[in-house]
Amino acid sequence: MNRRHVLGAIGSVGSLGTLAYATRDPVRTLEFRLWLSEEAAAYDGVAERVLEYVEELMTFEFWSLEASFGGVLSVSTEDGARVTTGGEWPLALASGTVGSSDVEPAGDVNLIVTDGQMKRAPTGYGLPHVASVGGARHIADLEPFDKLVGSGPEGDVQRRIVPLQTRTRTIQILLHEVGHALGLHHDHGVAFRYGDAIVSTPMLSTYAFSSNSPYDRSRCGTSYPDPGDLSRQLSLAFSTCARRELTSYSGGVRLRNSSGR
């Protein structure tokens, strides 16, 4: 199912009058809320680790971040993409409920983390204000942010460069889907040479490492290097191109009653 079909599913629920888009310009406080599936919540520290990384990587000079934990939910699938593409997570946000658990959407990003697999794409999904990703067990294995990112040379700290591992790729994909929820596209990401490595930022992600990638330059005109035999690394920092786009973000969601007020 493509993004247009998922948006159609959201639109059909919108006829209930429970969810509407709103415009806030400028956005001075970005509202982010995290939920965990029941299986994701079985791993210690997942919510705390996600919120820690999001707060470090999504707080910018043009907005403050209000990040919160929405709770644990029962969902029918742990697949990090299918929970959104099948309509379950978007519909839950639109109706404000999953099973017997109330779901109160945040104004900007509503993310659910499941314990879905992270080997075969898609492993997550993002569309306006809605995001999902699997890999809870790998997030639970992540070091604290300062230990992972702050352990390398100063350049690594500034660019948030980390090794390409399942756990680091999982948190980067999480950021990737959050970026989609805020209106970013794949070509808002960049790839660059760093010593003998090619490094990819969240929106481009591992597309940068494929010789068959459909992308050869960013939306802002930056060419991507040929991966060739270079080693692969990840950056957890959004590119300048992505951050420039985020400065113009003005969306949001708001609840309304069945009469549409």
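The values are calculated or read from the model by the stated rules, or taken from the named source; none is laboratory data. Predicted model only: the values in this text are computed from it and were never measured. Cβ coordinates were reconstructed from backbone atoms using ideal geometry, including for glycine residues, and neighbour counts include every protein chain displayed.
Computed values, structure above
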quantity: Candidate set from the range 186-214 (those that are farther than 15 Å from Val162 by Cβ and in a helix (DSSP H, G or I)); member that is modelled with the lowest pLDDT; calculated: Tyr207
quantity: Residue match in the range 88-109 (condition: in contact with a strand residue (DSSP E or B) (Cβ under 7 Å, 6 or more places away or on another chain) and closer than 23 Å to Thr168 by Cβ); calculated: yes
quantity: Criterion: β-branched (Val, Ile, Thr), farther than 24 Å from Pro90 by Cα and under 15 Å from the mean Cα position of the chain (by Cα) - qualifying residue of Thr123, Thr206, Thr170; calculated: Thr206
quantity: Residue match in the range 150-163 (condition: buried (at least 20 other Cβ atoms within 10 Å of the Cβ) and on the phi > 0 side of the Ramachandran plot); calculated: yes
quantity: Single residue of the range 203-218 satisfying the filter (of a type outside the set (A, V, I, L, M, F, W, C) and within 9 Å of His186 (Cβ to Cβ)) that is surrounded by the fewest Cβ atoms within 10 Å (Cβ to Cβ); calculated: Pro214
quantity: Filter result for the condition that a residue is at pLDDT below 95 and part of a loop (DSSP other than H, G, I, E, B), over Asp44, Asp79, Asp25; calculated: Asp25
quantity: Count of residues meeting criterion [surrounded by fewer than 20 Cβ atoms within 10 Å (Cβ to Cβ), more than 20 Å from the chain's Cα centre (by Cα), at pLDDT 90 or above and not acidic (Asp, Glu)] in the range 223-261; calculated: 7
quantity: Residue in the range 145-163 that is farthest from the chain's Cα centre (by Cα), counting only those that are farther than 14 Å from Tyr194 by Cα, hydrophobic (A, V, I, L, M, F, W, C) and modelled with pLDDT of 90 or more; calculated: Leu148
quantity: Residue match in the range 59-71 (condition: in contact (Cβ under 8 Å) with a residue 24 or more places away in the chain, part of a loop (DSSP other than H, G, I, E, B) and small (Gly, Ala, Ser)); calculated: no
